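Quick notes on the structure that follows.
The values are calculated or read from the model by the stated rules, or taken from the named source; none is laboratory data. If you're wondering where the values come from, they're calculated on a predicted model, not measured in any experiment. Every residue, glycine as well, gets a Cβ built from its backbone with ideal geometry; the counts of neighbours run over all protein chains shown. Note: accessible area is taken over every heavy atom of the protein model, side chains too, but ligands, DNA and RNA are not part of it. Shrake-Rupley method; radii C 1.70, N 1.55, O 1.52, S 1.80 Å.
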Amino acid sequence: MDDKEARPLQGKKIIVGVSGGIAAYKAPLLVRLLVKAGAEVACAVTEHALQFVTPLTLETVSQHPVYSELFDHANPHTTEHISLKDWADMMVVAPATANIIGKLANGIGDDALSTLLLSFRKPLFVCPAMNTQMLEGYAYRRNIDYLIANGVNIIESTSGELACGTTGNGRMAEPEAIAERLIAYCSQQLPLAGIRVLITAGPTYEKIDSVRFIGNFSTGKMGFALAEVLARRGASVCLVSGPTHLTVSHPNIRRIDVVSAQQMYDTASREFPQSHAAILSAAVADFRPEHAADHKIKKQNDQDGMTLHLVQNPDILATLGKMKREDQVLGGFALETDNEVENAQRKLQKKNLDFIVLNSLHDAGAGFGHDTNKVTIIDRQGHMDSGVLKSKMAVAEDIADKLTALTEVHR
Ligand code: CTP
């Protein structure tokens with residue numbers, strides 16, 4: 001999965017307000033993090049902020065002009081603060097000095113940023129940064145309490161060394177922490193916010209000796225696409241992955257790498273009780289060598305063959321089906337060649353699933369290794385949705401729709 005696909009702020013337009021504190025030098029880093037997470041960012045700054053950070057830096061990282069003048073002499077009729085507030089979905093002021101917080105709490109608009117703030121009626125985050133005495137002073141406390149009471153989100157300052165040489169509370173929260181808060185806020189508005197989903201993906205490798213294994217051609221693409229789509233919808237995803245070259249970067253995905261079916265079984269059965277739902281897409285090896293040699297098995301010159309004795313691996317999906325509580329949703333995959341629908345329905349019943357995703361091996365472009373897939377989603381009530389051949393991301397969206405509908409029942 002490349003970076004472009006892991007963009008939790010995709011489609012969001014954010015104004016970063018910068019006021020005149022030393023922490024303004026960290027504002028470009030925050031802008032960069034937000035842009036990297038998929039947001040479009042424009043900066044509005046005070047005159048004092050420009051003592052600490054240049055407009056060129058902010059313009060370069062945001063790819064937008066910086067709004068700093070209340071009256072633009074080149075365009076005297078400009079109402080930038082009006083159009084900018086309409087353009088944005090949310091705004092964050094980082095750093096927010098005691099001065100800008102005081103202006104906002106008391107309705108003072110005497111420059112570009114404070115005027116914009118007074119007219120801004122959408123989600124607003126403020127990241128205070130000042131010395132400890134100012135932070136503890138009654139004027140600031142009254143102002144910040146007033147902002148909180150009026151729905152402004154405060155990203156609290158932290159303790160540490162301050163620019164004035166003292167140590168105490170007043171350091172602006174780190175850009176990474178601010179970006180994470182904005183991402184978490186945006187995720188909460190998503191349909192699967194608060195839902196924990198377990199996904200298994202990829203192949204398993206069953207060790208023969210120290211250099212050989214039994215594996216399969218699964219690449220993990222379907223399971224990784226599912227994890228990504230569910231995370232973008234706000235779910236907290238635990239992705240248990242067999243060996244694969246794929247990577248994830250969405251902050252809602254916690255990845256646990258395993259190698260063998262037994263390890264996948266141990267991890268999945270440990271994670272399932274804390275999950276609201278699980279979708280098992282891994283191509284788990286049904287058998288493993290009974291004894292794995294811890295050295296490389298040598299061939300003997302007089303040997304004309306070799307016999308490996310295999311034993312059955314535990315069925316992870318069937319085990320989770322037995323563990324499943326009333327409030328949990330469980331989905332699996334079925335790869336079938338004959339009597340596809342009947343076999344999938346039988347698997348759904350036998351493994352106590354809520355839905356099953358039927359993959360047909362008859363369709364060109366579907367299944368292992370391809371970027372596309374063609375599936376039929378069958379649920380316990382007998383509903384059947386047959387899709388066309390589409391990208392694995394688009395198939396993942398269809399499966400996520402099913403999961404969203406089924407988990408809604410328990411909310
Ligand atoms: N699965 C599992 N653990 C196993 C084998 C399979 O969790 N040891 C899961 C897969 O992740 C998939 C589903 O079971 O979601 C179906 O796997 P499949 O190989 O199609 O079916 P099997 O149950 O193994 O049955 P058969 O091989 O007889 O078709």
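Does any residue of the stretch 392-405 turn out to be within 14 Å of the ligand (Cβ to nearest atom), in contact with a strand residue (DSSP E or B) (Cβ under 9 Å, 6 or more places away or on another chain) and in a loop (DSSP other than H, G, I, E, B)? Checked the stretch 392-405: no residue is within 14 Å of the ligand (Cβ to nearest atom), in contact with a strand residue (DSSP E or B) (Cβ under 9 Å, 6 or more places away or on another chain) and in a loop (DSSP other than H, G, I, E, B).
Criterion first (at pLDDT 95 or above and not in a strand (DSSP E or B)) does Val35 satisfy it? Spelling it out, Val35 is indeed at pLDDT 95 or above and not in a strand (DSSP E or B). Does Arg325 satisfy the condition of being among the basic types (Lys, Arg) and away from the ligand (no atom under 13 Å from the Cβ)? Taking the combined requirement at face value, the residue satisfies it.
Taking the conditions exactly as written (surrounded by 13 or more Cβ atoms within 10 Å (Cβ to Cβ), within 21 Å of Gly11 (Cα to Cα) and either at pLDDT 85 or above or out of contact with any strand residue (DSSP E or B) (no Cβ under 6 Å at 6 or more places or on another chain) (or both)), does Pro65 satisfy them or not? Spelling it out, it is not the case that Pro65 is surrounded by 13 or more Cβ atoms within 10 Å (Cβ to Cβ), within 21 Å of Gly11 (Cα to Cα) and either at pLDDT 85 or above or out of contact with any strand residue (DSSP E or B) (no Cβ under 6 Å at 6 or more places or on another chain) (or both). Scanning the stretch 372-389 for residues that are surrounded by 12 or more Cβ atoms within 10 Å (Cβ to Cβ) and in a loop (DSSP other than H, G, I, E, B) yields Lys374, Arg380, Gly387, Leu389. Of all residue pairs spaced 6 or more apart or on separate chains, those with beta-carbon atoms under 9 Å, a first member in the stretch 221-232 that is closer than 10 Å to Leu192 by Cα and open to solvent by 10 Å² or more (accessible area, probe 1.4 Å) and a second member that is assigned to a helix (DSSP H, G or I) and among the acidic types (Asp, Glu) are Arg232/Glu5.
Take the stretch 357-371 and flag every residue that is open to solvent by 30 Å² or more (accessible area, probe 1.4 Å) and either more than 16 Å from Glu397 (Cα to Cα) or more than 30 Å from the chain's Cα centre (by Cα) (or both).
Leu361, His362, Asp363, Ala364, Phe368, Gly369, His370
Conditions tested, residue by residue: (1) in a helix (DSSP H, G or I); (2) open to solvent by less than 70 Å² (accessible area, probe 1.4 Å); (3) free of Cβ contacts under 8 Å to residues at least 60 places away in the same chain; (4) under 27 Å from Asn252 (Cα atoms).
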| position | (1), (2), (3), (4) |
| --- | --- |
| Ile148 | yes, no, yes, no |
| Asn169 | no, yes, yes, no |
| Glu180 | yes, no, no, yes |
| Thr200 | no, yes, no, yes |
| Asp209 | no, yes, no, no |
| Phe217 | no, no, no, no |
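Look at the stretch 15-40: where a residue is farther than 18 Å from Glu176 by Cβ and a partner is of a type in the set (S, T, N, Q) and open to solvent by less than 30 Å² (accessible area, probe 1.4 Å), sitting 6+ places away or on another chain with Cβ atoms under 7 Å, you get Ser19/Thr46; Ser19/Thr97; Gly20/Thr46; Gly20/Thr97; Gly21/Thr97. Here Ile297 does not fit the description of being of a type outside the set (Lys, Arg) and within 9 Å of the ligand (Cβ to nearest atom). Among the residues here, Pro175 qualifies as closer than 30 Å to Val237 by Cβ, open to solvent by less than 10 Å² (accessible area, probe 1.4 Å) and not hydroxyl-bearing (Ser, Thr, Tyr). Against the conditions (1) more than 30 Å from Gly223 (Cα to Cα); (2) open to solvent by 10 Å² or more (accessible area, probe 1.4 Å); (3) at pLDDT 95 or above, Thr79 satisfies every one except (3).
Taken together, the residues in the stretch 254-270 that are within 13 Å of the ligand (Cβ to nearest atom) and charged (D, E, K, R) amount to 1.
Inspect all residues belonging to the stretch 119-132 and state whether any of them is within 35 Å of the chain's Cα centre (by Cα), open to solvent by 70 Å² or more (accessible area, probe 1.4 Å) and at negative phi. Scanning the stretch 119-132 turns up at least one residue that is within 35 Å of the chain's Cα centre (by Cα), open to solvent by 70 Å² or more (accessible area, probe 1.4 Å) and at negative phi.
Filtered by the rule that a residue be away from the ligand (no atom under 16 Å from the Cβ), open to solvent by less than 60 Å² (accessible area, probe 1.4 Å) and either at pLDDT 95 or above or of a type in the set (Val, Ile, Thr) (or both), the stretch 242-253 gives Leu246, Val248, Ile253. Within the stretch 337-366, if we keep just the residues that are at pLDDT below 90 and touching a Leu at 6+ places or on another chain (Cβ under 6 Å), the residue that is farthest from the ligand (Cβ to nearest atom) turns out to be Gly365. Residues in the stretch 233-250 that are out of contact with any Ser or Thr (no Cβ under 9 Å at 6 or more places or on another chain) and touching a residue at least 60 places away in the same chain (Cβ under 8 Å): Thr247, Ser249, His250.
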